[in-house]
1. Would you confirm whether or not the range 5-18 contains a residue that is modelled with pLDDT of 90 or more and surrounded by 16 or more Cβ atoms within 10 Å (Cβ to Cβ)?
2. (1) of a type in the set (A, V, I, L, M); (2) modelled with pLDDT of 95 or more; (3) surrounded by 15 or more Cβ atoms within 10 Å (Cβ to Cβ): which one isn't true of L285, the others all being true?
3. Looking at F154, F135, which is the one that is free of Cβ contacts under 8 Å to residues at least 24 places away in the same chain and either more than 24 Å from D66 (Cβ to Cβ) or in a strand (DSSP E or B) (or both)?
4. For A318, are the conditions met, namely being closer than 30 Å to E181 by Cβ and at pLDDT below 95?
5. Would the range 162-174 turn up any residue that is modelled with pLDDT of 90 or more, surrounded by 15 or more Cβ atoms within 10 Å (Cβ to Cβ) and under 30 Å from L403 (Cβ atoms)?
6. What residue, of A366, A376, A382, A404, is in a strand (DSSP E or B) and over 21 Å from the mean Cα position of the chain (by Cα)?
7. Might you check whether a residue that is of a type in the set (V, I, T) and at pLDDT 95 or above occurs anywhere in the range 253-271?
8. Tell me, please, whether a residue that is without any contact (Cβ under 8 Å) to a residue 40 or more places away in the chain, β-branched (V, I, T) and in contact with a His (Cβ under 8 Å, 6 or more places away or on another chain) can be found in the range 362-375.
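The values are calculated or read from the model by the stated rules, or taken from the named source; none is laboratory data. Model, not experiment: these values are computed from the prediction. A quick note on method: Cβ atoms are made from the backbone with ideal geometry, for glycine too, and the neighbour counts reach across all protein chains shown.
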Amino acid sequence: MFKERKLGRLLVVTALLLAASPALAAFGNGIRVGGADGRLHPFVELELRYDSNVAVYFDPAAKSGDLMLHVRPGILLTVPGETVALDLKARLDLVKYFGIDNPTSKDLTGLYADVSLGVGFNRKGQVGLELDEKFVRSNQPTAYSVASGVISNFNDVSVSLPWRPGGGALTTTLSGEWTLESYDAFKSGQYCPVVGAGSNPYCNPAYLSDLGYNNVGAGLGLNWKFLPKTAALLDLSWFDRLPNSTVYSIGGSGMRAQAGVSGLVTSHLAATLKGGYATTLKLKLDPPATPPSNYGTWLATASLEWIPSSFSTLKLTANHDLGVDPGTTWALYGITHVTVEGKSKFNSMLSAGLLLDWAQLDYRDAATTTSRILTARPSIQAELNRWLVLELAYQYTNRDTDLAAPPPGWKYDRQEVWLRGVVTY
């Protein structure tokens with residue numbers, strides 16, 4: 001009840017902003033903030049979505065679909081400037097599950113949110129400062145090992161200091177980052193029938209807090225434009241994973257090093273090619289008599305983007321990286337991603353998009369477990385005017401693994417269809 005009242009107040013505030021004096025701005029043009037170019041846009045998203053397999057969240061042995069309604073009030077603030085620039089997007093997400101196949105799915109009804117904030121200082125000067133904040137509360141965790149049955153509270157703060165001596169051909173960037181993630185359960189009580197689940201944090205909400213962690217990191221980046229539109233890149237970074245409990249999660253430090261080039265091959269073709277290595281340096285796990293051995297893997301990023309016109313793009317990206325997730329047995333892995341993403345605008349109103357993504361996770365466990373995730377998403381968007389946008393999309397997702405008795409959410413397929421409308425002031 002408290003969540004509904006809170007959302008009601010936010011909707012009232014949004015409605016008042018939408019009904020503000022016409023002198024402030026026309027619909028879609030926002031409210032002027034911080035000079036002629038700064039704009040504040042209150043908005044409301046309404047989305048009706050069907051998911052063919054919501055049971056993957058709370059009962060992986062079952063398969064049931066459901067219809068859900070998302071109500072997302074929010075604000076978008078952009079204030080450009082050479083001295084100070086600010087970008088903010090904040091959005092609440094009240095989702096209502098109707099339980100059309102299984103009444104248990106109504107328990108997934110809840111309040112979620114996502115906020116992203118970026119502040120830049122002196123972006124055209126010799127020394128700058130960038131501050132970024134991102135918070136996401138979602139029922140779809142970012143960690144691959146914690147695949148279902150939980151609500152993730154993910155917060156990431158980063159600061160970077162770019163130094164551009166001379167004419168700016170060379171940029172050196174020092175950065176620091178702090179990530180904090182915690183987990184809540186959808187419901188009390190055990191929710192997956194796995195052997196030994198009484199002490200398995202994937203299956204018992206009483207242990208979910210042990211999967212939370214802090215991650216701190218530091219980095220050094222070099223970007224040298226040896227040609228007007230082509231740059232040599234060097235990225236060095238260090239991280240330290242600090243889990244809430246080293247009984248249920250591996251902790252430890254590690255590093256990454258990559259070098260490569262990025263730029264325009266032709267006026268319509270852009271490419272990036274980087275390679276390197278990543279490794280853990282010192283891992284922690286209780287009991288200390290059985291410390292895990294370090295794990296390293298190669299790094300690679302290759303992308304090719306074709307831009308036939310200002311209205312269309314097609315991008316192919318492949319990369320390989322080191323992954324660290326909460327947990328013990330399946331905490332360390334190498335991940336390979338191949339993504340194809342295309343966008344095209346047909347006229348002033350209609351546009352279409354396509355996303356194809358394939359990922360393979362190669363875990364460092366005794367069985368050398370692998371897990372594969374395939375995602376395909378075509379979409380159509382109609383910009384009826386600058387204050388009303390409609391989107392119709394379909395998404396197919398399949399996750400599989402060669403593990404005989406996988407954790408919940410590691411093996412499923414699902415189809416989603418949604419219609420979304422966005423009204424922006």
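1. Our first condition is that a residue be modelled with pLDDT of 90 or more; within the range 5-18, this holds for none.
Within the range 5-18 (the criterion being modelled with pLDDT of 90 or more and surrounded by 16 or more Cβ atoms within 10 Å (Cβ to Cβ)), the answer is no, since none of the residues qualifies.
2. Looking at each condition in turn, L285 falls short on (2).
3. One residue alone meets the criteria, F135.
4. So A318 does not fit the description; no.
5. no
6. Numbers: A366 fails: in a strand (DSSP E or B); A376 fails: over 21 Å from the mean Cα position of the chain (by Cα); A404 fails: in a strand (DSSP E or B).
It is A382.
7. yes
8. No, the range 362-375 has no match at all.
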